[in-house]
1. Only Lys, Arg, Asp and Glu count, each charged at its Cβ (+1, +1, -1, -1), so figure out the dipole size of chain A about its Cα centre, rounded to 20 debye.
2. What FRET efficiency do you get for A:GLU83 and A:HIS42 if R0 is 25 Å and r is their Cβ-Cβ distance, rounded to the nearest 0.05?
3. Return one number: the angle in degrees, 0 to 90 and rounded to the nearest 10, between the long axis of the Cα atoms of helix B:160-180 and the longest principal axis of the Cα atoms of chain B.
4. How far is helix B:41-52 tilted off the main Cα axis of chain B, in degrees rounded to 10, range 0 to 90?
5. What residue among B:GLY39, B:GLY89, B:GLY129 shows peak mean-square fluctuation when chain B is described by a Gaussian network model with Cα springs under 10 Å?
6. Placing unit charges on C-beta atoms (Lys and Arg positive, Asp and Glu negative, everything else neutral), compute the dipole magnitude of the range B:1-128 about its Cα centre in debye, rounded to 20.
7. Relative contact order for chain B: what percent, with Cα pairs under 8 Å and sequence separation of 6 or more?
8. Ignoring everything except DSSP H segments at least 4 long, calculate the 222 nm mean residue ellipticity for chain A; use -39,500 (n - 2.57) per segment, divide by total residues, nearest 500.
Amino acid sequence: MRLPCPICGERDRREFYYQGHATLLDRPAADADAGAWDDYVHNRDNPAGETRDLWHHEAGCGAWIVVTRNTVTHEVLGAVLAEKAKS
Amino acid sequence: MVNLIAKTPCAGLLPKTIGTVTVTEVNAGQMTLLAPHRGQKKAVSDALKSAVGVGFPAPNRCLGTAPRAMWCGQEQALLIGAACPELAGAACVDHSDAWAIVQIDGADAVAVLARLTPLDLRATEFKRGHTARTLIGHMTGGITRLGAHSFEVMVMRSMAGTLVHDLTQAAENMAARALQGR
Ligand SMILES: [Zn+2]
């Protein structure tokens with residue numbers, strides 16, 4: 001499996017650390033209610049199809065990226081820098 | 001006054017010639033990590049260029065020979081082989097002696113490195129002047145292409161022994177395969 005780092009180009013999966021769904025970019029406001037925080041911390045969809053995940057190019061440039069991939073076909077559809085991504 | 005004796009990271013470990021490859025330590029001299037502040041990269045590059053002759057490198061590129069500016073991560077580069085000029089728009093951190101840097105030359109250099117890194121080292125993809133942050137065995141480090149059969153490999157100084165060990169083992173494996181094939 002190779003991931004397309006927007007800075008480094010296509011790189012082997014071993015260079016990356018997997019964090020979880022890109023929901024993590026959507027941090028609730030500090031005064032949001034418990035339900036919003038419960039969703040943010042614990043609740044995730046389990047899609048059969050496209051999903052967006054946060055990966056860290058740990059052994060590469062150090063960037064956090066959002067990778068779009070398909071959980072059914074395993075196709076990797078693209079990646080953008082997390083700092084530029086809208087969750 | 002006491003004169004301290006400088007000891008290079010790979011002192012006593014290199015040079016080595018194994019099969020078709022030679023591994024030698026590179027004494028890079030003064031090194032400084034440059035991290036331009038937000039929006040300051042162009043200004044830092046211009047100041048660097050006028051002071052030492054090389055600008056701030058694009059991602060995955062190494063500029064110049066002596067001195068050199070080597071990209072080494074997102075919005076970061078190493079100035080190698082020159083005193084760091086006054087750069088108002090960047091954080092500058094002395095990295096002299098922080099890195100173990102070795103050069104590997106020879107016909108099997110790519111084959112040896114391919115045993116240690118997932119990086120695509122084909123000449124069409126990774127050309128002279130290209131550099132990459134990647135894995136070398138279990139270590140994170142940098143690989144830079146110097147020529148068709150010549151590379152520079154760098155890891156943090158504390159891992160010098162492991163770097164030499166891993167390169168030696170990979171080179172011995174390649175040499176053994178060549179013997180067996182005769
Ligand atoms: Zn990267």
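1. Dipole magnitude for chain A comes out near 360 debye.
2. With R0 = 25 Å, the Cβ-Cβ based efficiency is 0.50.
3. 40
4. 80
5. Of B:GLY39, B:GLY89, B:GLY129, the most mobile in the Gaussian network model is B:GLY39.
6. Computed about the Cα centre, the dipole is about 260 debye.
7. Reported as a whole number, the value is 24 percent.
8. Working: 1 runs with 8 residues, N = 87.
Value at 222 nm, helices only: -2500 deg cm²/dmol.
Bear in mind that the values in this text are calculations on the coordinates, not laboratory data. These numbers were taken from a predicted model, which means no experiment stands behind them. Cβ atoms come from the backbone with ideal geometry, glycine included; neighbour counts cover every protein chain shown.
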